[in-house]
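Enquirer: Okay, handing you the structure first.
The values are calculated or read from the model by the stated rules, or taken from the named source; none is laboratory data. No experiment lies behind these values; they were computed from the predicted model shown. With ideal geometry, Cβ positions are generated from the backbone for all residues, glycine too; neighbour counts draw on all protein chains shown. We work out accessible area using only protein heavy atoms, side chains counted, and drop any ligands, DNA or RNA first. Shrake-Rupley method; radii C 1.70, N 1.55, O 1.52, S 1.80 Å.
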Amino acid sequence: MPYLANTANLQMAGFAISTVGWILGSISTGLVQWRVWHIANTTIISSGTAWIGIWRTCFFSHVLVSPDLKTMYCQYYSVTDSFLPKEILVAQGLMLVAIILGAAGKAVCVFGLKNVYQGTSQVSVIPRWFTAGGILILLSSISIIVPVAWNMHSVVSNSSIPFPSTFDIPSSPEKQEVGAGISIGIVSGILLFMSGILFLCYRLPENSDNRVHPISEGDSMFSDGSSMGSGLKENPRSYLTLKHYLNATLNCDGIKNDAFIWEIDEKL
């Protein structure tokens, strides 16, 4: 069984990177600070700042008070709300898909690392595990980068959202900025992409073949293991090899022992 633990150092680093990226992606999915809206009218929105996420919108208010969040007032929405723009609807689906794909990719890569460090008789399956896991992690990174980039474009172009009157938020702000949710999502997508590439780069070493190959008669000192004489008769090369070996090794402190060599030659 070949020793392969030192061949997967990059993949071990890729697993750590993918773990950090997956955690950051999960955090980005739950954050409300995807878009930061600055609003002039502070009658209801006391701080003049509202945060728009892919699942809810929140702002501080001394007029509207949430039972659980007190001065932080939040309104939740879902995929069935018609006023949501496409980039938020797409983000809701793709971010969940990214979390699932990332978890599946990490699980597959764990099997590859397990075979590397604990050993396996079928070393050829190890690159397949890493390839499958790397592809899943790459798909996870793409699923994060697409909605994050789309929502960033909407922020840069100062796009509006036609919130209903029950949300107490104007449809367009004076200005808006990129929030922490998008920034963390960008870092998450980059880390997952790097991790997927590292897993796809795994290659087995050339000497990893653990099959036993028989030695041919021409390369053997003796043609069979039980008869020294028959091997020497059938294979002259074996006789020459043995004689050369004895002449080269049967010395005493660098002095050739002719008597011992003569006795060996007579027996041969």
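Enquirer: Step by step: first the residues of region 20-39, then only those that are out of contact with any helix residue (DSSP H, G or I) (no Cβ under 7 Å at 6 or more places or on another chain) and not in a loop (DSSP other than H, G, I, E, B), then the one that is most open to solvent (accessible area, probe 1.4 Å). Which residue is that?
Expert: 23
Enquirer: For the list (1) open to solvent by 70 Å² or more (accessible area, probe 1.4 Å); (2) in contact (Cβ under 8 Å) with a residue 12 or more places away in the chain, I need the number of the one condition that residue 195 fails.
Expert: Here residue 195 meets the rest and fails (1).
Enquirer: State all residues of region 112-122 that are assigned to a helix (DSSP H, G or I) and either of a type in the set (D, E, K, R) or surrounded by fewer than 16 Cβ atoms within 10 Å (Cβ to Cβ) (or both); if no residue qualifies, say none.
Expert: 114, 117, 118
Enquirer: Could you please find all residues in region 138-187 being out of contact with any Pro (no Cβ under 8 Å at 6 or more places or on another chain), among the β-branched types (Val, Ile, Thr) and open to solvent by less than 30 Å² (accessible area, probe 1.4 Å)?
Expert: Across region 138-187, the qualifying residues are 144, 148, 155, 169, 182.
Enquirer: Tally up the residues in region 35-52 that are within 15 Å of residue 163 (Cβ to Cβ) and in contact with a Ser or Thr (Cβ under 9 Å, 6 or more places away or on another chain), please.
Expert: Total meeting the criteria: 7.
Enquirer: Just checking, how many residues over region 1-51 are aromatic (Phe, Trp, Tyr) and under 32 Å from the mean Cα position of the chain (by Cα)?
Expert: Selection size over region 1-51: 4.
Enquirer: Of all residues in region 92-111, how many are under 20 Å from residue 131 (Cβ atoms) and surrounded by fewer than 19 Cβ atoms within 10 Å (Cβ to Cβ)?
Expert: The total comes to 6.
Enquirer: As an exercise: evaluate residue 161 against (1) in a loop (DSSP other than H, G, I, E, B); (2) out of contact with any strand residue (DSSP E or B) (no Cβ under 9 Å at 6 or more places or on another chain) and give the number of the one condition it does not meet.
Expert: (2)
Enquirer: Say whether the condition of being under 30 Å from residue 112 (Cα atoms) and touching a helix residue (DSSP H, G or I) at 6+ places or on another chain (Cβ under 8 Å) is met by at least one residue in region 150-163.
Expert: Scanning region 150-163 turns up no residue that is under 30 Å from residue 112 (Cα atoms) and touching a helix residue (DSSP H, G or I) at 6+ places or on another chain (Cβ under 8 Å).
Enquirer: Could you check how many residues of region 94-150 are of a type in the set (Ser, Thr, Tyr) and modelled with pLDDT under 95?
Expert: So the count comes out to 5.
Enquirer: If you take the residues of region 164-203 that are farther than 28 Å from residue 60 by Cα, out of contact with any helix residue (DSSP H, G or I) (no Cβ under 6 Å at 6 or more places or on another chain) and not in a helix (DSSP H, G or I), which of them is modelled with the lowest pLDDT?
Expert: Looking at residues that are farther than 28 Å from residue 60 by Cα, out of contact with any helix residue (DSSP H, G or I) (no Cβ under 6 Å at 6 or more places or on another chain) and not in a helix (DSSP H, G or I), I get 203.
Enquirer: Another one. Being free of Cβ contacts under 8 Å to residues at least 24 places away in the same chain, over 20 Å from residue 150 (Cα atoms) and touching a helix residue (DSSP H, G or I) at 6+ places or on another chain (Cβ under 9 Å) is the requirement here; does residue 15 meet it?
Expert: no
Enquirer: Of these, 84, 64, 89, which one is surrounded by fewer than 20 Cβ atoms within 10 Å (Cβ to Cβ) and either among the acidic types (Asp, Glu) or free of Cβ contacts under 8 Å to residues at least 24 places away in the same chain (or both)?
Expert: Result: 89 is the single residue among 84, 64, 89 that is surrounded by fewer than 20 Cβ atoms within 10 Å (Cβ to Cβ) and either among the acidic types (Asp, Glu) or free of Cβ contacts under 8 Å to residues at least 24 places away in the same chain (or both).
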